Ligand SMILES: Nc1ncnc2c1ncn2[C@@H]1O[C@H](COP(=O)(O)OP(=O)(O)O)[C@@H](O)[C@H]1O
Ligand SMILES: [Mg+2]
């Protein structure tokens, strides 16, 4: 998973077709289709309840969509449990923090490295010689991710002791530690102040530049318009529009339904 | 020094009989505390670290004990082989049971493990042909470790303490490894753990099996040490006592479980004279600890000491171990 | 054979009625506070033992029963006030252990008050068996059935017809919202504990003439009540009643057709099967989890 094979640029990394998911009577996803090329920041926007988180949950295998397909790197993800999808190279953060509050920051991120090393139960219990080396390696990988997210000085602290903004960043570090090809960020700027949001913008750009494709759900329009390469607009579980930030800002339907008036998003 | 606490504990265990030679209290109560420590440390892996409650853990303790008792008395198996068979039986039982049971959460899991424990106890009482029924099985031969027959209180103290230290060491290693972190991740957030590639069903199963193995190991030793087993040692009340030990010391702390086990053993010994009050005190203690110090006595006290220490030194508290 | 089956059915429904009452108590408390009260069985034991003690002290049955029920309600309120309230917001494991502690504590109190002996109550209307069809029915079984039906109907009416009952339901549904519309959640909690303690005590008084009572009598009854609540779908009061009756019948059939020694194992095996294949209970409703 570490060395990315070169890919024909015509083949999208992620191709979602006709995805449907309903809860009781609510159609949370009513046939969503879109494609994401590798190496882009691809934003998904839409009002609350539009189905953005549901889309993420379906992509990650937490829900079983009733129809459609999710092809990732030309292989089907639909029907796989989350941990197998993770093994294919998908990582994510959560809208509602899902940190391991019973662990330290670095331990959180070390769990992120879970798929990059195999430890046998008995080897671990007996602390066989290889384990020491492996722990060392995991720690180094975790530190790398923490440094990228500017969290290195917090490594030893309990995750529960961090301020909210940093907790959200630990989630990103944890996801990055998995060395994913596709990173899903669900409202990473929610609850952040302006300085933190700006730092987040740089971080997301850095992540893209390191070769990771980013799928970004976010309400903070300046951030979204400033950082993404393409956007998908969802409304009531359907695709309202798709295109570059400029396309979207000029789309009359989107402006009417969501952006609410002529606003310029130069950042 | 990852294992500093462990070495200190091992030294204390070794020194006790030397400091108090021929002391019944030290060797006999010590041995019984040692068995409880093995049970509690194992259960803590499941309850404290993986966050899965079990109200039927005495069943696995019983499986180990009855395997040793039946195989040595009825079939003349060597005791170590019987012990291994007990471990295998408990491990397989736990493994087969883990998948369906560990899909459940909270109260449902409590009910399922409880039901499992009750069923196991009923079988011990009813399968008279094998288990001797309510009267139990007597005449279990002494443990024979490669020709050495373990006899006498002091020898038993040594064997059980060695087994206990092994259990504590294994637990400390496990928790501080990738396997242990995966377990704790399941407890912290099952969704996030899955998303980081942890097969949570497998992780929980591992915790369940390992804690069953610890219990069966303690059970085999118990059977040989007592030379007698009966269903009363493996009923619901015992399962609840095991849970008490784990929460008394503090969930998700190996030494918490150690302290909880020792504390409850001593308390029970202390209350032997006031037998009728035992329940009252046991119940009151359980409620009081859970209400006023839900993180457990050991964990709560170490945190308090650490806070006090850092207040005196005036520095930031270090990360929790 | 058919007569025998009928006999098992009668026994099963009698004992199942008790499980139903205990299970109903579980459901009430669970609804109001998200707590599974492992001391529910001890309410049953306290009701029975207190009634027996009062009767032995020379009080007439009805008076003894009323006082015993009221005393147990008091215990339920104390439990809520001093063990549940201080731990509000605690984890599931914590509350489970608190109520287990309470159960052991109450057992300890009973042991000190009444010793380890078994005690029994005189049947309410004699013990001359009545023949119904091919089955022999004890008059006390009819008492159990009759009172259970009345109590369940009363609880139903309470929830469906009275403002107080509806307020309690509202609390179960959404505590914050209930608080917002001016329902005193604390009072509702106490109401739930008092009500289930009362139901438990009445169950205990009803069963005391059939099975002997001792300080430990509540353990199994409590577990079976919990099972009934689980089978019925935790938090569904009428589901718990149905689950209780089902469990009782199954157990009686198991005891009669397989082996009486294994009857508890059969009951719990059934509960496990329900949990494995229909984890939200036979009469529960499903909810999907959110990430
Ligand atoms: N687990 C669930 N159970 C029931 N309804 C759900 C669930 N998850 C989402 N929904 C519903 O699906 C719709 C889309 O929700 P969501 O994807 O969270 O929206 P967004 O993230 O765009 O704000 C909403 O109407 C929401 O209530
Ligand atoms: Mg959302």
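The values are calculated or read from the model by the stated rules, or taken from the named source; none is laboratory data. Values in this document were obtained by computation on a predicted structure and should not be read as measured data. Here the Cβ is made from the backbone with ideal geometry for all residues, glycine too, and neighbour counts use every protein chain on show.
Only one entry in C:124, C:82, C:118, C:105 is closer than 20 Å to residue C:223 by Cβ and surrounded by fewer than 20 Cβ atoms within 10 Å (Cβ to Cβ), namely C:118. Going residue by residue through region C:33-48, is there one that turns out to be crowded, with 24+ Cβ neighbours inside 10 Å, in contact with a strand residue (DSSP E or B) (Cβ under 7 Å, 6 or more places away or on another chain) and within 14 Å of chain B (Cβ to nearest Cβ)? Looking through region C:33-48, at least one residue is crowded, with 24+ Cβ neighbours inside 10 Å, in contact with a strand residue (DSSP E or B) (Cβ under 7 Å, 6 or more places away or on another chain) and within 14 Å of chain B (Cβ to nearest Cβ).
Screening the candidates B:284, B:261, B:227 for the property of being more than 16 Å from the chain's Cα centre (by Cα), closer than 24 Å to residue B:150 by Cβ and at pLDDT 90 or above yields one hit, B:227. For residue C:215, the stated conditions do not hold, so it cannot be described as surrounded by fewer than 21 Cβ atoms within 10 Å (Cβ to Cβ) and within 14 Å of another protein chain (Cβ to nearest Cβ). So which residues in region A:9-62 are under 20 Å from residue A:183 (Cα atoms), more than 16 Å from ligand 2 (Cβ to nearest atom), part of a loop (DSSP other than H, G, I, E, B) and away from chain C (no Cβ under 14 Å), if there are any at all? Residues satisfying the conditions are A:9, A:11, A:12, A:13, A:37, A:38, A:39, A:40. For the structure I just gave you, tell me whether residue C:231 is within 16 Å of ligand 2 (Cβ to nearest atom) and either modelled with pLDDT under 90 or facing another protein chain (nearest Cβ under 10 Å) (or both). In short, no.
Scanning region A:96-118 turns up at least one residue that is within 16 Å of ligand 1 (Cβ to nearest atom) and more than 7 Å from chain B (Cβ to nearest Cβ).
Can you go through A:146, A:97, A:138, A:77 and tell me which one is more than 16 Å from ligand 2 (Cβ to nearest atom), under 20 Å from residue A:175 (Cα atoms), in contact with a helix residue (DSSP H, G or I) (Cβ under 7 Å, 6 or more places away or on another chain) and in contact (Cβ under 8 Å) with a residue 40 or more places away in the chain? Walk me through it before giving the result.
Values: A:97 fails: more than 16 Å from ligand 2 (Cβ to nearest atom); A:138 fails: in contact (Cβ under 8 Å) with a residue 40 or more places away in the chain; A:77 fails: in contact (Cβ under 8 Å) with a residue 40 or more places away in the chain.
On inspection, the qualifying residue turns out to be A:146.
Can you find a residue that is within 14 Å of ligand 2 (Cβ to nearest atom), within 30 Å of residue A:253 (Cα to Cα) and either at pLDDT 95 or above or in contact with a strand residue (DSSP E or B) (Cβ under 9 Å, 6 or more places away or on another chain) (or both) anywhere in region A:204-215? Yes: one or more hits. Here is a check on your reading of the model: is residue A:96 at pLDDT 95 or above and not assigned by TED's automatic domain parsing to the domain that holds residue A:248? Answer is no for this residue. The requirement of being touching a residue at least 12 places away in the same chain (Cβ under 8 Å), buried (at least 21 other Cβ atoms within 10 Å of the Cβ) and away from chain A (no Cβ under 13 Å) is fulfilled somewhere in region B:164-186, by at least one residue. Listed by first and then second residue, the pairs with beta-carbon distance under 6 Å, at least 6 apart or on different chains, first residue in region A:29-57 and without any contact (Cβ under 8 Å) to a residue 60 or more places away in the chain, second within 16 Å of ligand 2 (Cβ to nearest atom), are A:57/A:63; A:57/C:291.
Exactly one residue out of B:193, B:223, B:216 is in contact with a strand residue (DSSP E or B) (Cβ under 7 Å, 6 or more places away or on another chain) and more than 13 Å from residue B:44 (Cα to Cα), and it is B:223.
Annotation note: Cβ proximity below 7 Å between a residue of region B:278-293 that is free of Cβ contacts under 8 Å to residues at least 60 places away in the same chain and more than 7 Å from chain C (Cβ to nearest Cβ) and a residue that is surrounded by fewer than 20 Cβ atoms within 10 Å (Cβ to Cβ) and outside any helix (DSSP H, G or I) (sequence gap 6+ or interchain) occurs for B:278/B:271; B:281/B:271. The residues in region B:1-24 that are without any contact (Cβ under 8 Å) to a residue 60 or more places away in the chain, more than 15 Å from residue B:162 (Cβ to Cβ) and assigned to a helix (DSSP H, G or I) can be counted, and the count is 4.
Residue B:200 passes every criterion in (1) facing chain A (nearest Cβ under 8 Å); (2) closer than 18 Å to residue B:216 by Cβ apart from (2).
Please list, ordered by residue number, the strands (runs of 3 or more DSSP E) wholly in region A:152-259 having 3 or more residues that are more than 22 Å from residue A:88 (Cα to Cα). The strands (runs of 3 or more DSSP E) meeting that bar are A:230-235, A:238-243.
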